[in-house]
């Protein structure tokens with residue numbers, strides 16, 4: 001299977017205050033732009049280590065603005081055309097439906113029983129009008145099965161978590177709680193994952 005070089009989008013103001021972003025269109029902030037530069041440097045080092053050039057890889061992003069902004073900054077830092085990447089809807093973040101834009105404290109104040117239900121089974125729970133991690137795993141699994149060559153990906157924490165679960169790196173019941181950091185490159189290869197920071 002091809003190697004996937006994965007980075008989460010740079011930080012947004014929603015991340016800072018712990019608001020559920022999902023499909024909400026937010027842009028990266030100044031720290032997020034710095035994190036994109038860090039990811040570009042990490043990729044440059046990884047490519048050099050393996051004797052490869054940045055132009056040898058496929059590049060694909062989630063359609064959401066924060067991921068696309070991060071991808072464009074990374075590509076520019078690598079000396080590539082900012083816009084020379086593909087977009088795949090299957091890499092969009094998990095949808096939080098009616099909960100998007102809220103903090104978990106706000107959700108708990110409005111719908112405490114639903115938040116308790118989520119805590120009991122985060123993998124299969126879907127907020128009103130949203131998705132479960134299991135739902136996301138289906139579309140991300142379809143994307144991964146179609147990857148034909150080594151690929152650099154800009155996407156989201158939820159996408160990384162289901163990829164970890166699909167590949168057996170993290171159990172499904174633990175995957176939704178796995179921390180996926182900004183400014184880090186995760187390399188998925190041969191059924192294993194390495195993290196570079």
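Values quoted throughout were computed directly from the atomic coordinates according to the rules given, and no laboratory measurement underlies them. Keep in mind the model is a prediction, meaning the values are calculated, not measured. Cβ sites come from the backbone with ideal geometry, for glycine too, and all protein chains shown count toward neighbours.
Observations on the model:
- For region 173-197, the tally of residues that are within 23 Å of residue 145 (Cβ to Cβ), touching a helix residue (DSSP H, G or I) at 6+ places or on another chain (Cβ under 6 Å) and in a loop (DSSP other than H, G, I, E, B) stands at 2.
- Among the residues here, residue 131 does not qualify as more than 25 Å from residue 88 (Cβ to Cβ) and touching a helix residue (DSSP H, G or I) at 6+ places or on another chain (Cβ under 9 Å).
- Yes/no for residue 170 being at negative phi, buried (at least 16 other Cβ atoms within 10 Å of the Cβ) and either part of a helix (DSSP H, G or I) or out of contact with any strand residue (DSSP E or B) (no Cβ under 7 Å at 6 or more places or on another chain) (or both): yes
- Region 1-92 holds helices (runs of 4 or more DSSP H) entirely within its bounds, and those carrying 3 or more residues that are crowded, with 21+ Cβ neighbours inside 10 Å and touching a residue at least 12 places away in the same chain (Cβ under 8 Å) map to 30-49, 65-77.
- Applying a threshold of 8 Å to beta carbon distances and a minimum spacing of six or more residues, or different chains, the list of pairs starting in region 106-131 at a residue that is on the phi > 0 side of the Ramachandran plot and without any contact (Cβ under 8 Å) to a residue 60 or more places away in the chain and ending at one that is surrounded by fewer than 17 Cβ atoms within 10 Å (Cβ to Cβ) and in a helix (DSSP H, G or I) reads 129/97; 129/98.
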